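Heads up: the structure comes next, in structure tokens.
Each reported figure results from applying straightforward, stated rules to the coordinates on display, with no laboratory input. No experiment lies behind these values; they were computed from the predicted model shown.
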Amino acid sequence: MQTSTPPREPLQTPRAAGAAGIVFALLLAAAMVLIRLGIPQGADAVAHQPVDAVRRGAVHAALALVPFAGIFFLWFAGAVRAHVGEGEDRFLATVFLGSGLVFTAMMFGGAAAAAAVLDTAHPAGSSPSRPTWDFGQYLAYTLLIGYAMRMAAVFTCSTSVIGHRLGILPRWLTALGLLVTLVLLFVSPSVPWAELAFPAWSLLLSVHIVTASFRRAAAVPAA
């Protein structure tokens, strides 16, 4: 006799995945603030800034936070997909997933390249030379603040459009996401601190996802 095995229930997304977005937003914001403190006038003015221990420490601390921010970002992206459900558009879902992966790879690659330049291009225990330090700062700033934020803009835009089409995001959060997209695309390269709009939006979206998960969990026993 053949015994039929009962169908397995699908795995449920843990609530910690939504909370990971909050951690990601805080880590990314901290890394951006440290980059700004280390390079306060932007990449174009790197050569005019003195090399001191405080700014070196700020840049190194920012680069150390980037890998952890990327790890929590992957959990955050998974929580967003779980919140969207099965009704997502394939085109927008591809753009959403691709931009998120490129954003993560760009953060990792930029941080690794900048750390390699700053840590290995001089004898151990000594400070890097002025040209090496300028190049390392410029590389970290351009990749993390410049190019990575463009991919973050695509991620924000696709998430906002999916949320608007499916009606799973409130209108104010969708409008805020589109505004953040424009800021990251056209404003952040030239306006200091404008890149903090992305972790701020990520924090609000994560709080919304966590709140919605608690509402669904409370509604199931009532039903």
>> Run the numbers for Leu101 and Ala200: contour at 0.36 nm per residue of separation, minus the present Cα-Cα distance, in nm.
In response: 33.7 nm
> Between Ala64 and Thr142, what length in nm is gained on full extension when 0.36 nm per residue of separation is reduced by their alpha carbon distance?
Replying inline: 26.4 nm
